[in-house]
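In what follows, a structure is listed as structure tokens, so that the remarks can point back to it.
The values are calculated or read from the model by the stated rules, or taken from the named source; none is laboratory data. The structure displayed is predicted, hence computed values, not measured ones. Areas reflect the complete protein model, heavy atoms only, side chains present, ligands, DNA and RNA absent. Shrake-Rupley method; radii C 1.70, N 1.55, O 1.52, S 1.80 Å.
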Amino acid sequence: NKIAHHLALSGAEAARLSHGPAALFADYGFWYADWDGEPETFSPNRIPSSHKEPVDDFGTWTEVFGDAGWAGVLGHAVANGLKSVSIIVPNPDDTMMLLHEALLLVSPSDRWKVCFSTYFSRLAPGTQCHWRFVLDGTSEARKLRARSLGLLVDPRESTGDPPDGNPFVEAARDNEPGRVHSVSRSTTGRNGDSTS
């Protein structure tokens with residue numbers, strides 16, 4: 001048994017919610033974890049509230065991966081042409097905060113362009129997914145470690161660190177996400193594109 005939400009926002013509604021999609025998931029009064037009642041039609045004006053950044057640092061990235069700079073790899077991938085990144089996470093309970101913190105590094109005008117999956121298993125034909133959070137121990141995580149075709153953030157299996165000198169990595173480490181919001185896709189170059 002599964003429950004799904006399908007929410008369509010107009011361009012004007014999305015523009016008013018500049019904190020991006022992850023902030024909407026903090027409105028626990030809007031989303032349902034289960035449904036025991038009769039079928040019901042909701043008002044078309046019913047949308048979740050955007051909770052202003054409930055975080056003030058990249059603490060979840062530091063706690064889970066040991067370095068806040070890993071969040072910068074995701075921000076850099078967006079600025080560098082919306083490149084796809086796979087992130088192997090040990091605990092699914094951390095995924096929403098990892099997502100929300102990483103989106104802080106994306107300029108508000110681009111946050112709604114990032115397609116993500118908080119429990120990625122496979123890509124459906126004809127779709128795209130920029131940030132793919134994959135649970136450690138799954139077959140998808142094993143496939144990624146054996147042969148990743150794109151960027152892979154998996155510090156627990158990697159001997160490397162996030163790329164030094166990358167402005168997004170440094171902004172996450174310094175807890176100053178706003179300083180990379182003006183970095184254009186044409187100026188980011190390829191620094192850090194092959195992080196694993």
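Rolling a 1.4 Å probe across the protein heavy atoms gives the chain an accessible surface of 56 Å² per residue. The amide H of Leu152, built 1.01 Å from its N in the peptide plane, has Ser86 as neighbours under 5 Å, considering only residues 5 or more places off or on other chains. Taking θ as phi - 60° and the Karplus parameters 6.51, -1.76 and 1.60, the scalar couplings of the range 162-169 work out to x, x, 5, x, 6, x, 6, 4 Hz in sequence order, x denoting glycine and proline.
For the chain, the equivalent ellipsoid built from the Cα gyration tensor has semi-axes of 28, 21, 16 Å, listed from largest to smallest. Applying the Kirkwood pairwise sum to the alpha-carbon positions of the range 106-159 produces a hydrodynamic radius of 12.6 angstrom.
When only Cα pairs below 8 angstrom with a gap of at least 6 residues are kept, the chain shows a relative contact order of 25 percent.
Compared with the alpha-carbon gap, the fully stretched path from Met96 to Glu40 is longer by 17.3 nm at 0.36 nm per residue. Every pair of different Cα atoms in the range 1-83 enters the Kirkwood calculation, which places the hydrodynamic radius at 15.8 Å. When the surface is traced with a 1.4 Å probe over the full set of protein chains, Arg46 keeps roughly 70 Å² accessible.
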